[in-house]
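The structure appears right after this line, and notes come after that.
The values are calculated or read from the model by the stated rules, or taken from the named source; none is laboratory data. Here the structure is a predicted model, which is why all the values come from computation and not from measurement. Here the Cβ positions follow ideal geometry from the backbone for every residue, glycine too, while neighbour counts run over all protein chains shown.
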Amino acid sequence: MMIELKNITKTFYKNTSQVSALSNISLVVPKGKILGVIGASGAGKSTLIRCVNLLERPTSGEVFIGGRNLTSLKPAALAKARREIGMIFQHFNLLSSRTVAGNVAFPLELSNTPGDEIKKRVAELLELVGLGDKANEYPGNLSGGQKQRVAIARTLATNPKVLLCDEATSALDPATTRSILNLLKDINKRFQITILLITHEMNVVKAICDEVAVISEGRLIERGPVSDVFAYP
Ligand code: ADP
Ligand code: ADP
């Protein structure tokens, strides 16, 4: 299994009250598959996806990526392991002061990749996402769909095995959503990248997911092939 969550529980403590955001969630995603997690606002989707790369530490439970237990790693090893987990967001999270190329180069600079290699890799990645002619633009001059393409190129720069998509198309119109989903599917097929995505939109799940998990009030209430779970009588 590429992604394996075992008995993940997350409780937030606020003053004297506590919120149980996730209750005992276990979930696997085989290599090369796309799993969609769907649920209403407040169901725990965002907390769940953030637990996969430990942006959020589960209160209890374990996270395995490619068989390795992330929850047991020391900070330095965890930082390294995280480079194998890409993530894209609803609001893109680009660096506005850097060009498109500068954004895509950023993770490579952090990992001390030689300059000539960065240049080659950045050009390749921008071609891949269809932005070969935008290298020197600033994010402020791009459409939402173009921004998400930059974010996808940036997250692919370090060759992740896993891609986490946190409401990645929720800020986009339907046609742009469709084109971004097609790009994600293409990347999934081409590089065998395992994708976990969260969304509140059934159409997103139907468009690209192999399987779907339904979460409600922090609990996993359904899991199966998209055609089964959405096959209402
Ligand atoms: P979703 O992504 O499905 O909308 P979330 O994971 O954001 O759901 O939230 C699940 C529950 O956890 C909600 O009740 C939310 O208020 C609570 N929650 C999320 N993050 C925090 C936090 N940092 N502190 C306290 N409560 C939180
Ligand atoms: P910024 O001004 O946004 O910081 P830089 O011009 O410093 O961007 O470029 C950052 C990185 O992006 C550099 O490592 C450079 O090799 C790469 N880069 C810049 N322009 C291009 C381009 N047109 N094609 C490919 N790589 C580029």
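What residue, of Asn136, Asn112, is free of Cβ contacts under 8 Å to residues at least 12 places away in the same chain, not in a helix (DSSP H, G or I) and not small (Gly, Ala, Ser)? Matching residue, one of Asn136, Asn112: Asn112. Among the residues of region 97-110, just one is surrounded by 20 or more Cβ atoms within 10 Å (Cβ to Cβ) and closer than 24 Å to Arg68 by Cβ, namely Leu108.
If you go through region 68-96 and keep only what is surrounded by fewer than 14 Cβ atoms within 10 Å (Cβ to Cβ) and free of Cβ contacts under 8 Å to residues at least 12 places away in the same chain, you end up with Asn69, Ser72, Lys74, Pro75, Ala76, Ala77, Ala79, Lys80.
Filtering region 199-219 to residues that are out of contact with any helix residue (DSSP H, G or I) (no Cβ under 9 Å at 6 or more places or on another chain) and more than 22 Å from Leu183 (Cα to Cα) leaves Ser216, Glu217, Arg219. Set side by side, the residues Arg68, Arg50, Arg57 differ, and just one is out of contact with any strand residue (DSSP E or B) (no Cβ under 9 Å at 6 or more places or on another chain) and modelled with pLDDT of 95 or more, which is Arg68. Annotation: Val122 fulfils all but one of (1) in contact (Cβ under 8 Å) with a residue 40 or more places away in the chain; (2) within 17 Å of Gly86 (Cα to Cα); (3) β-branched (Val, Ile, Thr); the unmet one is (1). Report yes if Lys74 is within 16 Å of ligand 1 (Cβ to nearest atom) and closer than 30 Å to Gly218 by Cα, otherwise no. So Lys74 does not fit the description; no. Does region 22-34 contain any residue that is crowded, with 22+ Cβ neighbours inside 10 Å, within 21 Å of Ser170 (Cα to Cα) and either in contact (Cβ under 8 Å) with a residue 24 or more places away in the chain or polar (S, T, N, Q) (or both)? Scanning region 22-34, I find at least one residue that is crowded, with 22+ Cβ neighbours inside 10 Å, within 21 Å of Ser170 (Cα to Cα) and either in contact (Cβ under 8 Å) with a residue 24 or more places away in the chain or polar (S, T, N, Q) (or both), so the answer is yes.
For every residue, the table says whether it meets (1) aromatic (Phe, Trp, Tyr); (2) farther than 19 Å from Lys33 by Cα; (3) exposed (fewer than 14 other Cβ atoms within 10 Å of the Cβ).
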site: Asn159; (1), (2), (3): no, no, yes
site: Val162; (1), (2), (3): no, no, no
site: Cys165; (1), (2), (3): no, no, no
site: Asp173; (1), (2), (3): no, yes, yes
site: Thr177; (1), (2), (3): no, yes, no
site: Asn182; (1), (2), (3): no, no, yes
site: Asn188; (1), (2), (3): no, no, no
site: Ile193; (1), (2), (3): no, no, no
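Whenever a residue of region 50-61 is of a type outside the set (D, E, K, R), its partners that are surrounded by fewer than 17 Cβ atoms within 10 Å (Cβ to Cβ) and part of a loop (DSSP other than H, G, I, E, B), lying with C-beta atoms within less than 8 angstrom and at least six residues away or across chains, give the pairs Cys51/Arg57. Taken across region 36-53, residues that are away from ligand 1 (no atom under 13 Å from the Cβ) and at positive phi do not occur at all.
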